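Working notes for the structure below.
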Amino acid sequence: MDGAERDHFNDFVRHHSPRLLVFARLLTRDRPSADDLVQGVLVRCYPQWARISRDGGEYAYVRRSILNAYLSLLRRPWRELPHSELLDVSPAQDEPVEDRLVIRRVLDRLTPRERAVILLRYFEDLSEADTAAELGIRPGTVKSTTHHAMAAMRIDPDINDLAAVRGITGRSERSTT
């Protein structure tokens, strides 16, 4: 790798690693695992950086690599599951700390696929088609998984408590007349 490619890689890491780390932390529910996941992916991408960055889709490639590495870890029967309930919270986010902690607890209760779909759709702001391509599933599966995850989140007592504190009215509380 020449100096320009190395500088481009370093700039990419400096600029995108905070968001990639948040994405990985929300997936893994564990800061050390997320840090290891992102670092491992970046180490594997470094020798291939010229090819990866050729078309300008570096961020999507690295994010997909993180997602694939995470899903691969889930398939291993000997994997360790994280035991920490709460993660460190980035001060750069706008929501109050309590809200972020509630949202993370609710995400923890989703299945790994549901969590991945919700994060790709709403955290990464991908379309259904892009989310399906990212996960290697059909768009209909993205729709149904999103539906099931959102339904589970709607009935979660933590979300209902948060909504009550914030004065947010859910669909079930609205009048049908």
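The values are calculated or read from the model by the stated rules, or taken from the named source; none is laboratory data. This is a predicted model, so every value here is computed, not measured. A quick note on method: Cβ atoms are made from the backbone with ideal geometry, for glycine too, and the neighbour counts reach across all protein chains shown.
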(request) Look at segment 15-42 and say how many of its residues are in contact (Cβ under 8 Å) with a residue 24 or more places away in the chain, in a helix (DSSP H, G or I) and either among the basic types (Lys, Arg) or under 16 Å from Tyr61 (Cβ atoms) (or both). (result) 12
(request) Show the residue pairs that are 6+ apart or on different chains and have beta-carbon atoms under 9 Å apart, the first residue being within segment 1-14 and closer than 13 Å to Tyr46 by Cβ, the second being surrounded by 11 or more Cβ atoms within 10 Å (Cβ to Cβ) and of a type in the set (Ser, Thr, Tyr). (result) Met1/Tyr46; Glu5/Ser53; Arg6/Tyr46; His8/Ser53; Phe9/Tyr46; Phe9/Ser53; Phe12/Ser53; Phe12/Tyr59
(message) Can you list residue pairs whose Cβ atoms sit under 8 Å apart, with the first residue in segment 130-142 being among the basic types (Lys, Arg) and the second being assigned to a helix (DSSP H, G or I) and crowded, with 16+ Cβ neighbours inside 10 Å? Count only pairs 6 or more apart in sequence or on different chains.
(response) Arg138/Ala132
(request) Return a yes/no flag: does segment 136-146 have any residue that is modelled with pLDDT under 90 and in a helix (DSSP H, G or I). (result) no
(request) Output the number of residues of segment 23-51 satisfying the condition of being surrounded by 18 or more Cβ atoms within 10 Å (Cβ to Cβ) and of a type outside the set (Phe, Trp, Tyr). (result) 14
(request) Being at pLDDT 90 or above and assigned to a helix (DSSP H, G or I) is the filter; apply it to segment 123-133 and report the residue that is farthest from Arg29 (Cα to Cα). (result) Ala129
(request) Select from segment 49-79 the residues that are modelled with pLDDT of 50 or more and part of a loop (DSSP other than H, G, I, E, B) and list them in ascending order. (result) Ser53, Arg54, Asp55, Gly56, Gly57, Arg76, Pro77, Trp78
